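Have a look at the structure below before the remarks.
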Amino acid sequence: MPYNIIVLIKVIPDLEQIKPNPTTGEIVTDRTPLRLETLSENAIEAAVQLKEKYGGKVFGLIFGKPESAPMLKKAFAMGVDDGIVITGYKGNNPVYTAEVLCGKIKGMQYDLIIAGNQSADTYTGLLPGIISGKLGINLLGNALTIALEERKIRVKSTLEKKIQNLNATLPAVVSVTQETNQPRLPPVMQIMAAGRKQIVTEAAQPQTMTGTLQISNKAPRSERKRQLYEKPEEGIAAVVRAIKEEIR
Amino acid sequence: MIYLSSVLLLIGLLVAVASFLYTLYSLFWNAVKIPEKKIRMKISLPRRIYILIRNVALQGKLFKDLSGGIMHALMFWGFVAFAGYSATFFARGIDPSYELISPGLFKDVIFLTVDIFAIVVIVDVIYAVSRRWILKIPRYQGYNGFEAAFILLLVSVLMVTYYALGVLRMDGASAGIPGAIMEGIPPAFTPVTGFFASLFPAASGSGAVDLYWVLYSIHAIDFLTFLVYIPTSKHLHLVAAPLNVLLSKDTKPAQLTPIDFENQKRFGASDIRDFSWKDYLDFYSCTECGRCTYNCPAFLTGKTLSPRDIIWDLREVVIAQGSKARHSGIEERDKILTPVIGDPISEEDLWSCTTCMACVEQCPVMIDHVEKIVDMRRSLVLNQGKAPKETIETYTNMENYGSPWVNDPSTRGDWAKDLGINILSETQNDDFDILYWVGCVASYDRRNQDIAKSIVSILKKANVKFAILGSEEKCTGDPAKRTGNEYLAQNLATANIETLNRHKVHRVITGCPHCFNSLKNDYKAMGLEMEVIHHTEFINQLVSLGKLDLKSLESDDKEKFTYHDSCYLGRYNKIYEEPRTIIKAVTDNYEEMEMNKSKALCCGAGGGRLWMNETVGTKISHKRMEMADKINATTVVTACPYCMVMLDDARRVMGKEEKMHITDIAEFVASRLN
Amino acid sequence: MKTLIFSDDGEIAAQISSYLKEGFENTIVTLKGEEGKCRRSGARSMFIFTGQPTASGLSLALKKLKDQNSADLVFIGSTAIGRDTAGLLAGSGGFKPLSEVTSVQFSNGKATTTRYLYGGKSVLTEESDSNLFVVAPGISEASLTENETEITEISLDQSPVTVEGEDQKSTGGADIEKAKVIVSIGRGLGKPDGLKLVEQLASAVKGEIAGSRPVCLDYHWLSEDRQVGLSGKKVRPRLYIALGISGQIQHIAGMRGSRTVVAINKDKSAPIFEECDYGLIGDLYTIVPKLVTALTS
């Protein structure tokens, strides 16, 4: 049977191109190029694969900035049917993000919500749970495989030491990992068709965010230190200190 | 009897010619009607005629394999000579009073040529037989032995009966027989026949006449069989190859046909309609000689890719599906034309190609294997989104970072920060004469940065006013283009062309043959007019103008240098001599490896292979380093960053670090500047 | 303050409990079979869950425990199931979560926390009134006391998500992509025998062993799944120790994301020294034993 799938797509500043302000050490990402978060690509791939297998529609939801719009086109190219960009993302606050997303989702028809399990920029990993909690629907996290049958969902969930076979009923939230699939390279026809699609944007509701106060956001250190010791004995102490620091 | 034989011969000839022409019509009309790929050909007629004379009449490309070339050329020339004889044979056989060529010295000379070449062909057939079945030349093995044997049999019977008829004629057995075409030729002009006649006692009487009739019939039937057989076998090349050479895209490798994404519906080649009429002519011209495959770096190192099989497999699909598809409607055609990728052509083979052009270079009939392979890659990438995992990653990187690797583009010019040169992304100072296009490898790879620095020091020494683009430079798109991602390649090219125009660049020097080829040929096809020079050309100019004073190092005496040709410099752009001239200007201790210049073995990195795994067979780069080791080279000079990465790695993995160095021509020169 | 600490990984729970020593009254919770270190981590009370854990089941049970113990703060170890559990708690109300914290201090009712952002490229320091903290593994060493805490077993509530069997993950294959510490070897190791020395170093730093392409694909000293590089795995450990690796661009592409890179190579001009924080130029066979001694003493 066909399913309506919502895929949550995250747009992040490209981590490779993030640099600290050389004088203050503060991280500024305003002008860093954006990209699709890798796990969102896995989520899109999973959603599109389910659509191809069972039929239905995939709706892409981006909570970001107006500049995130091209990333929705990328999702369209990969096989997402429809979508929207909600603008007004104010930095990492999973509770607020979930609030905005759930506000939108509540007005929609859906069977399944798919998201990445942990995004590469903030690494919180809380969003799938918060959304599941807020919507009061089942959470099946860290899915390696997803199978649907009528109103039932079965997922192989990968934990640190074992893989659980989870069962639940729809609707549900599923989070995927990088091992779940290999995101596709979209065919050019679809890239071009996606390019011609209109992107709908709307402002986030609610607009105010409460919570944490950011005190500082600094690079732990700048570039590679490149402390070279031509007489290795002289460097051993420093190296041991650095190693101990990292394996603490 | 005479009347009957004339009629039979006429009927036989009509049937054979009709069959010959119908088969050809069918094949060539398929080539006109089925292909949808449009190509542009821009070569002048004089140039075409030159190519035709060189490669057909003079059999030029065949001599790249000397013994095979001699064998084929003798056979070819023999047949050309024999054509005059055969025409006369049939003309006279049908109308005994008809003189196709008026008697006289001209005719005598033609027959003298025939008489000599016929024996040459017989000896040549024996040689051909021994190559295939006694010497067992590898490239022939397993390919259509029956066809070859049958053709060789027809040829030898044709030649033997020619002499037998001549001998009998001298004995007078041919009196009144229509095909006795050599009457009137002075014996001095048929010396070989005369020699054979002297070996046998003169035959006479009705027995001789009967024998003459028998041989006459065999000779005629042999020829007609040959005529019928040609278009249905690999000997179709007798017709197709000269045409293919005449209509070829010149001896320089053709640029890949661009895709018009706005107006085209099908991208790349999925089934036989996605090729061009010229591709069909390529298929028809293939003789399965195997020169391509036995020069293919992938094949030579144990991969299953065989350019010959690619062409031959496609030809078989064209022959199997062509006529049916031509006679059917569009919807039916979709069912008849099955995808060629998967079966018969495996995806793995398509990805094994380094686009090194060794196959194209070798092909005597000027088939372009590489464009077809890239067209099929295009089909995989652009229609199905299929490519090796690592290749897909390089696409993502090229999109995000303008480099096949994960590199922060803002750091692209960092290697040059302390060199005091004009970095355009920082200065926006367009006051320069020449742009040094660094390329991704030299920008980001530590080893290759040394080469970039050497180029800078040479440019400085020669007082050239130059600049680099810094973070405004992006990958030229070569790795995307050669792996079939034309869409990404065009996007990158468009961005770079915009940048180059903005800085009003008219002259570019680059150290990377892949960038060089893109900028010079691919970008030109997109409308960018500028002079593009590779650093080997540039340095060679400087040296020959005396602007660089080179000294030899003391260590040079203990070294043995060799030069490894880059495919994109050599076969793609015909730059073979410049680097050699530079090296030899400094040292006499130079020796060529086997497989050099136009026959050079690829390093294994082209065609996007630098970013793929090479797991089957031995590594191409290792094979190349073995060749360097064989001549005890101590320094391999390269002129390509891809080659540098591959060979340097091979050298280390093979444990030859101590013994062998790899240096770029720019480093070679920079370290010897006075 | 009263805290409730949970992790399905007993080691992490013990680490958190050890970290929250002064001024905290800890209740520690883990799964049955994971209680080992937790018992001696100085917690006031201790519970273990029995039955198949799911995030939904765990969140319901933890909510109940928090209320029963009137805990002010909840700490959850950052594991796959831990993050999901924390998310569910935060989503169903009553919690203000903060994730992946690497340190936390309380004063005036506010929590000051730090965490890594952008794949370790920045450290975020924040002040909040959060009461649910997902704690990154390794916040401190699990320091053990003599006293063992009493254990109460609790059966996990029925969960709307049910577990129908589980598979053990194959332990044979190395998971270097997730490793926090990697000791990576290159061709410069010279001989497969050298692996013994490498193993000593790896065990001293609790790291996985990985290698460059020649070592994995050409010489087969290591299995292919341990190959770091463009055509192998991309790794982002906290610590990457490169032994006898020259650092070709294809290799750098696979380890550039590492936080701290230590390189040992006898070739002074090896490109790896451009990509490292600490570089020791010399023979790894003399340097590594000294490192091992210094690290284990």
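Name the pairs: first residue in the range B:552-580 and among the hydroxyl-bearing types (Ser, Thr, Tyr), second residue part of a loop (DSSP other than H, G, I, E, B), Cβ to Cβ under 6 Å, at least 6 apart or on different chains?
Once the first residue is among the hydroxyl-bearing types (Ser, Thr, Tyr) and sits in the range B:552-580, its partners that are part of a loop (DSSP other than H, G, I, E, B) give B:Ser552/B:Thr587; B:Thr562/B:Glu591; B:Thr562/B:Met593; B:Thr562/B:Ala633; B:Ser566/B:Ala639; B:Ser566/B:Cys640; B:Tyr572/B:Pro253; B:Tyr576/B:Gly570.
Provide a single number: the residues in the range B:366-392 that are under 30 Å from B:Gly470 (Cα atoms), touching a Leu at 6+ places or on another chain (Cβ under 8 Å) and in contact (Cβ under 8 Å) with a residue 12 or more places away in the chain.
Narrowing the range B:366-392 to residues under 30 Å from B:Gly470 (Cα atoms): B:389-392.
Filter once more, so that each one left must be touching a Leu at 6+ places or on another chain (Cβ under 8 Å): B:390, B:392.
From the residues that got through so far, the ones that are in contact (Cβ under 8 Å) with a residue 12 or more places away in the chain too are B:390.
Going through the range B:366-392 one residue at a time, the tally reaches 1.
Could you please find all residues in the range B:594-634 being in a loop (DSSP other than H, G, I, E, B) and touching a His at 6+ places or on another chain (Cβ under 8 Å)?
Our first condition is that a residue be in a loop (DSSP other than H, G, I, E, B); within the range B:594-634, this holds for B:594-596, B:600-608, B:612-619, B:631-634.
Across the range B:594-634, the qualifying residues are B:Ala600, B:Cys603, B:Gly606, B:Thr634.
With respect to A:Tyr110, determine if the residue is outside any helix (DSSP H, G or I) and within 21 Å of A:Asn4 (Cβ to Cβ).
Numbers: outside any helix (DSSP H, G or I): yes; within 21 Å of A:Asn4 (Cβ to Cβ): yes.
Spelling it out, A:Tyr110 is indeed outside any helix (DSSP H, G or I) and within 21 Å of A:Asn4 (Cβ to Cβ).
Can you find a residue in the range B:524-544 that is touching a residue at least 40 places away in the same chain (Cβ under 8 Å), under 28 Å from the mean Cα position of the chain (by Cα) and at positive phi?
Checked the range B:524-544: no residue is touching a residue at least 40 places away in the same chain (Cβ under 8 Å), under 28 Å from the mean Cα position of the chain (by Cα) and at positive phi.
Can you name every residue in the range A:127-154 that is at the interface with chain C (Cβ under 7 Å from one of its Cβ atoms) and basic (Lys, Arg)? Let's see the steps before the verdict.
Taking the range A:127-154 as the starting set, the residues that turn out to be at the interface with chain C (Cβ under 7 Å from one of its Cβ atoms) are A:127-134, A:138-142.
Once the filter is applied, which keeps residues that are at the interface with chain C (Cβ under 7 Å from one of its Cβ atoms) and basic (Lys, Arg), the range A:127-154 yields only A:Lys134.
Give the residue that is nearest to the chain's Cα centre (by Cα), with candidates limited to residues of the range C:171-211 that are at the interface with chain A (Cβ under 10 Å from one of its Cβ atoms) and surrounded by fewer than 17 Cβ atoms within 10 Å (Cβ to Cβ).
Step one: list which residues in the range C:171-211 are at the interface with chain A (Cβ under 10 Å from one of its Cβ atoms), which gives C:171, C:175, C:177-178, C:180-181, C:201, C:204-207.
Still in the running and surrounded by fewer than 17 Cβ atoms within 10 Å (Cβ to Cβ): C:171, C:175, C:178, C:206.
On the way: C:Thr171: 17, C:Asp175: 13, C:Lys178: 9, C:Lys206: 11 Å.
Checked the range C:171-211; the qualifying residue nearest to the chain's Cα centre (by Cα) is C:Lys178.
For the range C:38-95, name all the residues that are more than 25 Å from the chain's Cα centre (by Cα), within 14 Å of another protein chain (Cβ to nearest Cβ) and buried (at least 22 other Cβ atoms within 10 Å of the Cβ).
Passing the criteria: only C:Gly91.
Out of all the residues in the range A:77-88, which are touching a strand residue (DSSP E or B) at 6+ places or on another chain (Cβ under 7 Å) and among the hydrophobic types (A, V, I, L, M, F, W, C)?
Within the range A:77-88, A:Val80, A:Ile84, A:Val85, A:Ile86 qualify.
Note down all Cβ pairs under 6 Å where the first residue falls in the range B:183-206 and is over 14 Å from B:Val114 (Cβ atoms) and outside the structural domain of B:Val120 (by TED's automatic domain parsing), the second is surrounded by 12 or more Cβ atoms within 10 Å (Cβ to Cβ) and among the polar types (S, T, N, Q), and they're at least six residues apart or on different chains.
Listed pairs, sorted by first residue: none to list.
Identify, please: which residue in the range C:147-170 is away from chain A (no Cβ under 11 Å) and either in contact with a Gly (Cβ under 8 Å, 6 or more places away or on another chain) or over 17 Å from C:Asp8 (Cα atoms) (or both) and is, among those, modelled with the lowest pLDDT?
Our first condition is that a residue be away from chain A (no Cβ under 11 Å); within the range C:147-170, this holds for C:147-158.
Now drop any that are not either in contact with a Gly (Cβ under 8 Å, 6 or more places away or on another chain) or over 17 Å from C:Asp8 (Cα atoms) (or both), which leaves C:147-150, C:155-158.
Values: C:Asn147: 83, C:Glu148: 85, C:Thr149: 86, C:Glu150: 88, C:Ser155: 92, C:Leu156: 90, C:Asp157: 76, C:Gln158: 80.
Restricting to residues being away from chain A (no Cβ under 11 Å) and either in contact with a Gly (Cβ under 8 Å, 6 or more places away or on another chain) or over 17 Å from C:Asp8 (Cα atoms) (or both), the top hit is C:Asp157.
In the range C:219-258, which residue that is in a helix (DSSP H, G or I) and not acidic (Asp, Glu) is farthest from the other protein chains (Cβ to nearest Cβ)? Talk me through it step by step, then tell me what you get.
If we filter the range C:219-258 for residues that are in a helix (DSSP H, G or I), which is where we start, we get C:224-226, C:249-255.
Of the ones still in play, those that are also not acidic (Asp, Glu) are C:226, C:249-255.
Working: C:Arg226: 15, C:Ile249: 4, C:Gln250: 7, C:His251: 10, C:Ile252: 8, C:Ala253: 5, C:Gly254: 10, C:Met255: 11 Å.
The residue in question is C:Arg226.
Looking at (1) more than 13 Å from chain A (Cβ to nearest Cβ); (2) surrounded by 15 or more Cβ atoms within 10 Å (Cβ to Cβ); (3) modelled with pLDDT under 90, which one does C:Ile139 not meet, given that it meets all the others?
Looking at each condition in turn, C:Ile139 falls short on (1).
Within the range C:96-109, track down each residue that is exposed (fewer than 15 other Cβ atoms within 10 Å of the Cβ) and either at the interface with chain A (Cβ under 10 Å from one of its Cβ atoms) or not in a strand (DSSP E or B) (or both).
Here is the first cut: in the range C:96-109, the ones exposed (fewer than 15 other Cβ atoms within 10 Å of the Cβ) are C:105, C:107-109.
C:Asn108, C:Gly109, listed by residue number.
From the list C:Lys178, C:Lys196, which residue is out of contact with any Phe, Trp or Tyr (no Cβ under 8 Å at 6 or more places or on another chain) and in a loop (DSSP other than H, G, I, E, B)?
Step by step, each of C:Lys178, C:Lys196 is checked, and only C:Lys178 is out of contact with any Phe, Trp or Tyr (no Cβ under 8 Å at 6 or more places or on another chain) and in a loop (DSSP other than H, G, I, E, B).
May I ask you to list the residues in the range C:143-161 that are outside any loop (DSSP other than H, G, I, E, B) and over 20 Å from A:Asn167 (Cα atoms)? Steps first, answer last, please.
Going through the range C:143-161, the residues outside any loop (DSSP other than H, G, I, E, B) turn out to be C:151-155.
Residues satisfying the conditions are C:Ile151, C:Thr152, C:Glu153, C:Ile154.
Go through the residues of the range B:65-79 one by one and say whether even a single one is under 21 Å from B:Ser285 (Cα atoms) and among the charged types (D, E, K, R).
yes
For the range C:259-297, give me the residue count where each residue is outside any helix (DSSP H, G or I), within 24 Å of B:Glu393 (Cα to Cα) and within 13 Å of chain B (Cβ to nearest Cβ).
Residues meeting the conditions: 0.
Could you check A:Glu26 against (1) in contact (Cβ under 8 Å) with a residue 60 or more places away in the chain; (2) more than 12 Å from chain C (Cβ to nearest Cβ) and say which number it fails?
Of the numbered conditions (1) in contact (Cβ under 8 Å) with a residue 60 or more places away in the chain; (2) more than 12 Å from chain C (Cβ to nearest Cβ), the odd one out for A:Glu26 is (2).
Residues of the range C:33-87 being among the acidic types (Asp, Glu) and either closer than 26 Å to C:Glu141 by Cβ or in contact with a strand residue (DSSP E or B) (Cβ under 7 Å, 6 or more places away or on another chain) (or both), which ones?
C:Glu34, C:Glu35, C:Asp72, C:Asp84, listed by residue number.
Spot the failing condition for B:Ile392; the list is (1) facing another protein chain (nearest Cβ under 10 Å); (2) in contact with a Ser or Thr (Cβ under 9 Å, 6 or more places away or on another chain); (3) among the hydrophobic types (A, V, I, L, M, F, W, C); (4) under 26 Å from A:Ile18 (Cα atoms), and only one is missed.
(2)
Out of A:Glu233, A:Glu223, A:Glu245, I need the residue that is part of a loop (DSSP other than H, G, I, E, B), surrounded by fewer than 13 Cβ atoms within 10 Å (Cβ to Cβ), more than 24 Å from the chain's Cα centre (by Cα) and modelled with pLDDT under 90. Which one?
A:Glu223
Please give the number of the condition A:Asn181 fails out of (1) among the polar types (S, T, N, Q); (2) surrounded by fewer than 19 Cβ atoms within 10 Å (Cβ to Cβ); (3) within 14 Å of chain B (Cβ to nearest Cβ).
So A:Asn181 meets the others, but not (2).
The values are calculated or read from the model by the stated rules, or taken from the named source; none is laboratory data. Values in this document were obtained by computation on a predicted structure and should not be read as measured data. Virtual Cβ from ideal backbone geometry, glycine too; neighbours counted across all protein chains shown.
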